[in-house]
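The values are calculated or read from the model by the stated rules, or taken from the named source; none is laboratory data. Nothing here was measured: the structure is a model prediction, and the numbers come from that model. Cβ: placed from backbone, ideal geometry, glycine included. Neighbour counts: every protein chain shown.
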Amino acid sequence: MKPGFMNEIRSLGLALAVISTLVQPAYAGTRVAKISNLNHHESYSTSAAQLLVQGNDISVTKVTGVKVNSTDKGIEVILESANAEALKTVNNNQGNSFIADIPNAVLALPEGKPFNLNNPAPGIVSVSVTQASANVIRVTVTGEGGLPSAELFDSDEGLIFAFTPVVATKPQQQPEAQETPQPEQPSEVQPDEPTSEADDEPIELVVTGEQDGYRVEESSTATKIDAPLRDIPASVQVIPRQVIEDRQVVRLNELADNVSGVQQQSGYGGLSSQGYFIRGFESGFQALRNGFQDFGFTSPRDVANIERVEFLKGPASVLYGSAINPGGVVNTITKKPLPEPFYRGSFTAGSYDFYRPTIDITGPLTEDKSVLYRLNAAYENAGSFRDFNESESFFISPVITLNIGPRTSMTFEYEYQKYDYTFDRGLPPGEVFFDIPISRFLGEPDVNDAEFRSNVLTYNFEHQFSNDWKIRQGFNVTSTNGKTAIARNSNFSEPFLEEDGRTLPRVAATTDEEQENISLQTEVSGKFNTGSIRHNVLFGAELANYRFAYDFFEAPIAGIDIFNPVYGATPGTFERSFFEEYGGRNVALYVQDLIELLPNLKLLAGGRFDWVDSYYKDLAENAFDIRTSDSKFSPRVGIVYQPTDTTSLYASWTNSFNPQIFGRSRTGEQFKPETGEQFEVGVKQEFFDKRLSATLAFFDITKQNVLTTDPEDPDFSIQTGEQKSRGVELDITGEILPGWKVIATYAYTDAYVSEDNELDLVDNRLQAVPYNSASLWTTYEFQQGNLQGLGFGLGLVYVGEREATLPNTIKIPSFVRTDASLFYRRNNWQAALNFKNLFDTEYYESQSFYLVPGAPFTVLGTVSVEF
């Protein structure tokens, strides 16, 4: 372990202890209602109440009846259940609709249909209780004049929602909202009726504002089942839609700023990227989309239809197989149809001729809401701070959900994106290039160009056999076609310039590219008990095929003076350099069990066996056709101990593998897959009555079978290389006070070459990974008074000094970037100004062999309206 590393661990542990001590007094000031029964209760509501019921029990609960009663304030909706205390709600309000999702619940009404009622009271347009998915009930109450306020109670009969519509009322009527109902008001439960012991356990209700929070309590990426994050022995950070909108993120890799231990990996010549450096290792543009592997090297990705992005740190082969690097994986979750109509349009304009209109519309297509739809579309036209750079994008994604029955649903999703842009890799990684303006373009305006078209089709089928068992089948096909043209530097190592110290020799190149991914997944999951031990099991099988074809041509072109560029050079005659294709077929079986040994002790164990057949061949001259076959078992074991209901201590061990499909050894032997192994321990702590959560993790990753240069013949490689990454990460997410939201991160990462044939490479730092990095994004919105709806945000990003290349020859300077926002929400519309790089800091990101300048001071203004 390198010097100073243990000091970092000790200091971070002390920091978390100090945070825990400082926030304890805040419990008394939070707006929390603890309810034993209807005999004695307290409640709080806001103009758009969003009630989050906290809990850890994830067993399936039946709702056997729905009642709607009139009250002096509006209506109450009663979900009848024999186990009401197990019904936990998570809200996702849209426009005038109060929407509460109740996970791990089944709607079992006598008639077997969803519940719908129109105009039950003045100011309330409709009430619906539906089976949103196989194990999620959705309660939707739509107001006429605005979002109805809500209160939540429990009783012997079931879970009760009390709604007050937004209607025109006299000023003297306002205090009545705080009064106790009159005695003659009928009640389903008599005040003196005895309650069971189960009812004496309070339900905690945390009241927040209308907008979704920054903290997400469940994630499916780490386990492929819905499980509370506090029960998962891994570091998982979820960036919800609200953060994307508040920061006005238009490129996926910008989200690296909000996750510890993650750095941006700039896109393919400026392509909208989903690449990252995670825990010291580059993701290689390999990501997940709705749980399917998405090889995104040349696949543009728009943010218009993204609901949230989940970062699973550490090896993930246990569920997702090969080609996943040991640092972690990123899963993008897209938006799904809603049962109530919702319409949103927005327009963003900003610096460098940036224009972006978007629409998001959803609702039912049939009266019984058995067919739902959603449509997201976006158009973007932008210039750049980089000379001669411009881009244009069109994106559209229709989604249809068929609720075939109360326990069966099928969703079809399609995405199309057309992305045209100036292909610009940036600057070569040499000291001299820090001396030229960040706007300097070293290509040719009439040569550099790129266009990509991507089509993605997905279906997802779910059927619930019973309250405990279900089957899911998903199919995904991604097809991308593109062309690029570029004038770039012809040398990838020092010296980059000719002897005059200012002329960059260049070469012109063009490509035709095709990419195709096909995946079929079938999974069965269920819950059962063996004595007092509870099991939540997953059995899965996956068939996958991917193919990438790359036709590459080169031509000579004149060099360029980097200090005084003169453009207009034309390429010579293009000749094919190579025409290659590589791909593979994968068959996999996997199993997992989340075991509750005790209510506060959980064990997660699982494994996946992959059979991978890969190929790499020359399509032009048939010079080579390399075939490889690999099989590998990837295990994972983790344990969680919860000494209190706000603290989780965890430890885990997990593995990964990545087949080596390019080339053979000097003796003609097939290379073994790269393997990764991680040990991780951590603590997850919740504060402010579970509105704020923190994860402190220590990890140690070893990557083996890394290819190194063969000392007997440098034209070949041997597998004696090893790389290590170890460090400490801290993530804090949630709401400190009503209206004050925050995401804060810190990471110490020591990533280096631990073994190599070239002794000069040993102890070299891995590319683009700083020792220290930290970030803060926080917003505050006034909750009442004349300033209600007004808010502002502040962001700070610190990235320490990094190595630009491996071997280490040049360092990328550290930087601190400041972002800010100002916004105003009123009824169904919102206006926002986002200021990125407020103080015009000069900084650089990394993309393989290039330095990519970060954008200077940028302003984006957005206006959106909802119906």
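Of all residues in segment 635-661, how many are modelled with pLDDT under 95 and among the small types (Gly, Ala, Ser)? Number satisfying all stated conditions: 1.
Out of the residues in segment 395-405 that are buried (at least 16 other Cβ atoms within 10 Å of the Cβ) and either more than 22 Å from the chain's Cα centre (by Cα) or not assigned by TED's automatic domain parsing to the domain that holds Gln417 (or both), which is nearest to Pro114 (Cα to Cα)? Out of the qualifying residues, it is Asn403.
If you go through segment 229-256 and keep only what is over 13 Å from the mean Cα position of the chain (by Cα), acidic (Asp, Glu) and within 20 Å of Lys335 (Cβ to Cβ), you end up with Glu245, Asp246.
Within segment 258-276, the set of residues being under 13 Å from the mean Cα position of the chain (by Cα), part of a loop (DSSP other than H, G, I, E, B) and either modelled with pLDDT under 80 or over 17 Å from Ala697 (Cα atoms) (or both) comprises Gln274 only.
Among the residues of segment 102-121, is there at least one that is among the β-branched types (Val, Ile, Thr) and modelled with pLDDT under 80?
So far as segment 102-121 goes, no, none of its residues is among the β-branched types (Val, Ile, Thr) and modelled with pLDDT under 80.
Checking Gln767, Gln784, Gln788 one by one, the residue that is assigned by TED's automatic domain parsing to the domain that holds Thr818, closer than 18 Å to Gln265 by Cα and out of contact with any Gly (no Cβ under 9 Å at 6 or more places or on another chain) is Gln767 and no other.
Remark: Val125 matches the filter, which requires a residue to be without any contact (Cβ under 8 Å) to a residue 40 or more places away in the chain and in the same structural domain as Val166 (by TED's automatic domain parsing). Going by the conditions given, is Glu686 among the acidic types (Asp, Glu), touching a helix residue (DSSP H, G or I) at 6+ places or on another chain (Cβ under 9 Å) and within 22 Å of Glu596 (Cα to Cα)? When the stated conditions are applied, Glu686 passes them. Highlighted here are the strands (runs of 3 or more DSSP E) found entirely within segment 802-867 that include at least 3 residues which are surrounded by fewer than 21 Cβ atoms within 10 Å (Cβ to Cβ) and in the same structural domain as Glu380 (by TED's automatic domain parsing): 815-826, 829-836, 858-866. Taking the numbered list (1) closer than 30 Å to Gly559 by Cβ; (2) among the charged types (D, E, K, R); (3) modelled with pLDDT under 95 in turn, Arg407 passes all entries but (1).
Among all positions in segment 359-366, there is at least one residue which is closer than 14 Å to Asp302 by Cβ, in a strand (DSSP E or B) and modelled with pLDDT of 95 or more. Screening the candidates Gln783, Gln767 for the property of being in a loop (DSSP other than H, G, I, E, B), buried (at least 21 other Cβ atoms within 10 Å of the Cβ), among the polar types (S, T, N, Q) and at negative phi yields one hit, Gln767.
Would it be correct to say that Gly572 is over 25 Å from Val612 (Cβ atoms) and in contact (Cβ under 8 Å) with a residue 24 or more places away in the chain? Can you show your working first?
On the way: over 25 Å from Val612 (Cβ atoms): yes; in contact (Cβ under 8 Å) with a residue 24 or more places away in the chain: yes.
Here the answer is yes, as Gly572 does meet what is asked.
When restricted to residues that are assigned to a loop (DSSP other than H, G, I, E, B), surrounded by fewer than 19 Cβ atoms within 10 Å (Cβ to Cβ) and over 25 Å from the mean Cα position of the chain (by Cα), segment 714-763 contains 7.
Being surrounded by fewer than 18 Cβ atoms within 10 Å (Cβ to Cβ) and either assigned to a loop (DSSP other than H, G, I, E, B) or free of Cβ contacts under 8 Å to residues at least 12 places away in the same chain (or both) is the filter here; which residues of segment 64-84 pass it? Selection gives Thr64, Thr71, Asp72, Ala82, Asn83. Within segment 650-674, restricting attention to residues that are in contact (Cβ under 8 Å) with a residue 60 or more places away in the chain and polar (S, T, N, Q), the residue that is farthest from Leu707 (Cα to Cα) is Ser652. Taken over segment 482-495, the criterion of being buried (at least 19 other Cβ atoms within 10 Å of the Cβ) and not in a strand (DSSP E or B) is satisfied by no residue. Does Phe354 fit the bill of being over 29 Å from Arg608 (Cα atoms) and in contact with a strand residue (DSSP E or B) (Cβ under 7 Å, 6 or more places away or on another chain)? Against the criterion (over 29 Å from Arg608 (Cα atoms) and in contact with a strand residue (DSSP E or B) (Cβ under 7 Å, 6 or more places away or on another chain)), Phe354 qualifies.
For segment 371-394, which positions are part of a loop (DSSP other than H, G, I, E, B) and touching a Gly at 6+ places or on another chain (Cβ under 9 Å)?
Ser384, Arg386, Phe388, Asn389, Glu390
Residue count for segment 145-164, restricted to those that are assigned to a strand (DSSP E or B), small (Gly, Ala, Ser) and touching a helix residue (DSSP H, G or I) at 6+ places or on another chain (Cβ under 8 Å): 1.
Among residues of segment 785-800 that are farther than 23 Å from Ala751 by Cβ and in contact (Cβ under 8 Å) with a residue 24 or more places away in the chain, those with a beta-carbon under 6 Å from a residue that is among the basic types (Lys, Arg) and surrounded by fewer than 16 Cβ atoms within 10 Å (Cβ to Cβ) at least six positions away or on a different chain give the pairs Gly789/Arg826. Restricting attention to segment 674-706, the residues that are surrounded by 24 or more Cβ atoms within 10 Å (Cβ to Cβ) and not in a strand (DSSP E or B) add up to 1. Hey, does segment 137-146 have a residue that's surrounded by fewer than 20 Cβ atoms within 10 Å (Cβ to Cβ), modelled with pLDDT under 85 and closer than 17 Å to Asp468 by Cβ? Looking through segment 137-146, none of the residues is surrounded by fewer than 20 Cβ atoms within 10 Å (Cβ to Cβ), modelled with pLDDT under 85 and closer than 17 Å to Asp468 by Cβ.
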